[in-house]
1. If the Cβ limit is 6 Å and pairs must be 6+ apart or interchain, which residue in region A:322-340 that is within 7 Å of chain B (Cβ to nearest Cβ) and buried (at least 21 other Cβ atoms within 10 Å of the Cβ) pairs with which residue that is aliphatic (A, V, I, L, M) and part of a loop (DSSP other than H, G, I, E, B)?
2. If B:Ala113 satisfies all but one of (1) assigned to a loop (DSSP other than H, G, I, E, B); (2) within 13 Å of ligand 1 (Cβ to nearest atom), what's the number of the condition it fails?
3. Could you tell me which of the residues B:Leu142, B:Leu189 is of a type in the set (A, V, I, L, M) and assigned to a loop (DSSP other than H, G, I, E, B)?
4. List, please: which pairs have Cβ atoms under 8 Å, are six or more places apart or on different chains, and start with a residue in region B:123-142 that is within 12 Å of another protein chain (Cβ to nearest Cβ) and end with one that is part of a helix (DSSP H, G or I) and aromatic (Phe, Trp, Tyr)?
5. Looking only at region B:94-114, filter to residues that are touching a Pro at 6+ places or on another chain (Cβ under 8 Å) and more than 12 Å from B:Cys70 (Cβ to Cβ); which one of those is nearest to the other protein chains (Cβ to nearest Cβ)?
6. Testing B:Thr116 on (1) within 16 Å of ligand 2 (Cβ to nearest atom); (2) of a type in the set (Ser, Thr, Tyr); (3) within 29 Å of A:Val10 (Cα to Cα), one condition comes back false. Which one is that?
7. Can you report the number of residues in region A:9-59 which are within 14 Å of chain B (Cβ to nearest Cβ) and over 20 Å from A:Met321 (Cα atoms)?
8. Determine which member of the set B:Arg231, B:Arg243, B:Arg249 is more than 14 Å from ligand 1 (Cβ to nearest atom), away from chain A (no Cβ under 14 Å), in contact with a Ser or Thr (Cβ under 8 Å, 6 or more places away or on another chain) and at pLDDT below 95.
Amino acid sequence: MKKSRIWRSVLLGINTLMLHKLRSMLTMLGVVFGVASVIAMLAVGEGASKDALEQIRKLGSNNIILSSQKPVEEESGGSMRSPFSVSMYGLTYDDETRAMETFSRIRTTAPAKIVRKEGRLGTRTLDLRLVGTTADWFRLVKREMIAGRTLLPSDVDQKAAVVVLTEYGARRLLATRQAVGQSLRLGGEYFQVIGIVRSEGGEGSSVQTPDQQVDAYLPITVARERYGDVVSIRTSGSFIRERVELHQLIVEVENTDHVETVAAGLEQMLKTFHPKGDYRISVPLALLKQAEATKRTFNIVLGSIAGISLLVGGIGIMNIMLASVTERTREIGVRRAIGAKKRQIITQFLIETMVLSTLGGMIGIAIGVAIPALITYFADMATVVTSYSLLLSVGISMSVGLIFGLYPAKRAADLDPIIALRHE
Amino acid sequence: MSKTDGAFVQAETGLHEVVRLEDVTKVYVMGTNEVHALAGVNLAIHQGSFWAIMGSSGSGKSTMLNLLGCLDRPTSGRYYLEGHDVSRLSDDELSEFRLKHLGFIFQSFNLIAQLTVRENIELPLFYLGWDPEDSKQRAAELAEMVGLGERLNHRPSELSGGQQQRVAIARALANDPSILLADEPTGNLDSVTSEQIMDLLGQLHDQGKTIIMVTHEPDIATYAPNCVHMRDGLIDRITENGRTLEGVR
Ligand SMILES: Nc1ncnc2c1ncn2[C@@H]1O[C@H](COP(=O)(O)OP(=O)(O)OP(=O)(O)O)[C@@H](O)[C@H]1O
Ligand SMILES: [Mg+2]
């Protein structure tokens, strides 16, 4: 009984609103745009930050990434030095051992030594970036296996001539899954392909990991033995010879809580042993926190803009409902004379505003979902419509109806029936 | 101001009192000015009677009808409706009384524009919480009774004034009220239509409805066997079944 009465009130409300279609539509517009902008802006914001966050998260929130960096002075003075001089910089094997020994909170370290070589498989060749590393590397960077296996500690210990390709590299070399087990020639040496991992494409993150698409991973012991630590780079007629022991070192800390202290300690340690400043330290966790803070700020700004537009929408509804109450004073008088209680008049008007705002909210949701889709389609920007933003919008539009409908409804109910009946 | 027992004289019908006003006053305070719209009224109305309230403009007719209709509370005095003292009830309680015991007919019909004839007639039943099917049926019967059985799905704007007033009468009857209250029911109608409406009210009276009607026009007042003449917020004279009581105060 009670339920059917409310349902009938809703139908009556819709009926009444349909009497003034244009006016009702215009009244709804504020909420429509408010809700649409909430959803669209959150979707764009979410989409923009999602990739960045994802990328940073992939680097591992427990990890600290140390990389070698060519010191600035050396770079500028390069052309004046003898063609046979060797510039030495970067992380050393000692750094790794020292870090391990100094900080008890460090669980593992995974070194990376990078050499560029041409790879040949059958008749195809491809310039590869050889990454000499250890078994732990794959666990720390969370690379997905596609076929075969990754490096094992035994490969490193026994200096096995094995290599793991990326999916992209494998495809360029016309290798399929069956490539596992085949021989790949790197420079003058033959290596057995033991596995293929998923490529990590995606630049744009401020952190560079040797995760480029043409990586080939081999045991660091092998890389060191076969290619040594000195690399020759040909630049405009002269050779630059560099000696870099490790290009990168990923340090895994036991626990997220200790990442920042260990990072600070490492920084201190590197500063002492590398006065040239030929290293870089990046902490994904710090970046993550920063990115998340940025996202929060972004959301607050968007939220405020959307909030203001919804407020304006709500005021629009209230304004029209107040006009409607005045216009329908007689009707209110008649209903009261017939025996409607104040509460029932309030319900009637509240239902009308809530129908308006909820309908506006639903249209707003439709538009708000369409806009990000169009942005993605035309501007090729990632957008993510979260279900929480939809729920939020429904909630907000209904509360806008409730809050801004209450006052006009109260005004209507408080009219003196006699005066209301006499109203022209 | 003393109460004359004569005010309650009533033909020996044996029917109970639906309305009893005792020393009812209504004072409107306008700044420092006091308007005594009702200055002490005593009146008893028995079940099944048909009353006209007459008097010059500003004599307090509408004020009295509003009080009788539980739309307002007296400043002092007592009003018994169906034996209940309703002079001090809360707004909600008055609403409840109107819903259960009263039906209103207005000069300007006051149908709700966005509702159909049927929905207008159903309105009191909606607030009474009737089942939709039952109220549909009741609305159809009432529309039939006032001669508008064919117009159930029309909107008020598609009806003539007389037809609208018939719908209003049907609506006022929907809750089977103890009293039908009408403030100038023919005020907006031409004489032919007025006659038809008054005939309808006459029929309702014949069927036993208690009717109280405010009017300016003596012609209209003749449809009612009883008449209260008001002057300056007081009952000047009462004509009851042809007998006139002068200066009832
Ligand atoms: N809400 C009010 N506030 C102040 N004074 C009022 C109010 N309502 C009525 N009055 C005064 O009370 C007196 C009686 O008014 P009422 O409306 O009852 O007259 P009436 O007999 O119905 O007149 P009419 O025939 O013109 O309708 C008038 O003097 C009027 O000005
Ligand atoms: Mg009047």
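The values are calculated or read from the model by the stated rules, or taken from the named source; none is laboratory data. The model shown is predicted, which means the values in this text are computed figures rather than measured ones. Heads up, the Cβs are rebuilt from the backbone with ideal geometry, glycines too, and the neighbour counts pull from every protein chain shown.
1. A:Glu331/B:Ile112
2. Going through the list (1) assigned to a loop (DSSP other than H, G, I, E, B); (2) within 13 Å of ligand 1 (Cβ to nearest atom), B:Ala113 breaks only (2).
3. On the way: B:Leu142 fails: assigned to a loop (DSSP other than H, G, I, E, B).
Selected residue: B:Leu189, the only one of B:Leu142, B:Leu189 that is of a type in the set (A, V, I, L, M) and assigned to a loop (DSSP other than H, G, I, E, B).
4. Matching pairs, first to second residue: B:Ser135/B:Phe126.
5. The selected residue is B:Ile112.
6. Condition not satisfied by B:Thr116: (1).
7. Step one: of region A:9-59, the residues within 14 Å of chain B (Cβ to nearest Cβ) are A:9-21, A:23-24.
Add one more test, that the residue is over 20 Å from A:Met321 (Cα atoms), and what stays is none.
Looking only at that region, the number is 0.
8. Details: B:Arg231 fails: more than 14 Å from ligand 1 (Cβ to nearest atom); B:Arg243 fails: in contact with a Ser or Thr (Cβ under 8 Å, 6 or more places away or on another chain).
Going through B:Arg231, B:Arg243, B:Arg249 in turn, the sole match is B:Arg249.
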